[in-house]
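K.L.:
My questions will all concern the structure given below.
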Amino acid sequence: MEIQAAENQIYGLVNKFLYLIKRIIHFSISTQLCVSVQMKYSVTSGETGTVIYIDTEGSFVPIRLQTMAMAAENHYKNENLSNIPSVEQILKNVTYFRCINVAELIACLIQLKQS
């Protein structure tokens, strides 16, 4: 009986750990896309791109976006590529929406479609 309880406790801890890892990866990928999409578009087209970030979980952290933008700017400068947006341009070109329920998400999508 004690072994079963210990196994259940370990299983629960592993599941919590995996959930946290999944959230961290999701958060990082979404934020990284805000930067990568703009950089790729700017380098290939010579124009400044824009990104729409719809946050349904409250996981957006602006300082993390700034850190990633700074790292990307340094990377592309070292590659001697032209048309690189500045950190300020990257941050300015992220349109952020926070939706806490389905009604807000639908309203946000309708608003985006109309603009």
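K.L.:
Can you pull out the residues in segment 71-104 that are surrounded by 15 or more Cβ atoms within 10 Å (Cβ to Cβ) and either touching a residue at least 60 places away in the same chain (Cβ under 8 Å) or in a helix (DSSP H, G or I) (or both)?
P.N.:
Those that are surrounded by 15 or more Cβ atoms within 10 Å (Cβ to Cβ) and either touching a residue at least 60 places away in the same chain (Cβ under 8 Å) or in a helix (DSSP H, G or I) (or both): Ala72, Glu73, Tyr76, Val87, Gln89, Ile90, Leu91, Val94.
K.L.:
Taking Ser42, is it more than 16 Å from the chain's Cα centre (by Cα) and of a type in the set (S, T, N, Q)?
P.N.:
Answer is yes for this residue.
K.L.:
Against the condition basic (Lys, Arg), in a helix (DSSP H, G or I), more than 18 Å from the chain's Cα centre (by Cα) and more than 18 Å from Tyr41 (Cβ to Cβ), how does Lys113 come out, does it pass?
P.N.:
yes
K.L.:
Considering only segment 1-49, how many residues are exposed (fewer than 14 other Cβ atoms within 10 Å of the Cβ), modelled with pLDDT of 70 or more and either touching an Asp or Glu at 6+ places or on another chain (Cβ under 6 Å) or part of a loop (DSSP other than H, G, I, E, B) (or both)?
P.N.:
Result for segment 1-49: 2.
The values are calculated or read from the model by the stated rules, or taken from the named source; none is laboratory data. All of these numbers come straight from a predicted model, not from anything done at the bench. Note that each Cβ is placed from the backbone with ideal geometry, even for glycine, and that neighbours are counted across all protein chains shown.
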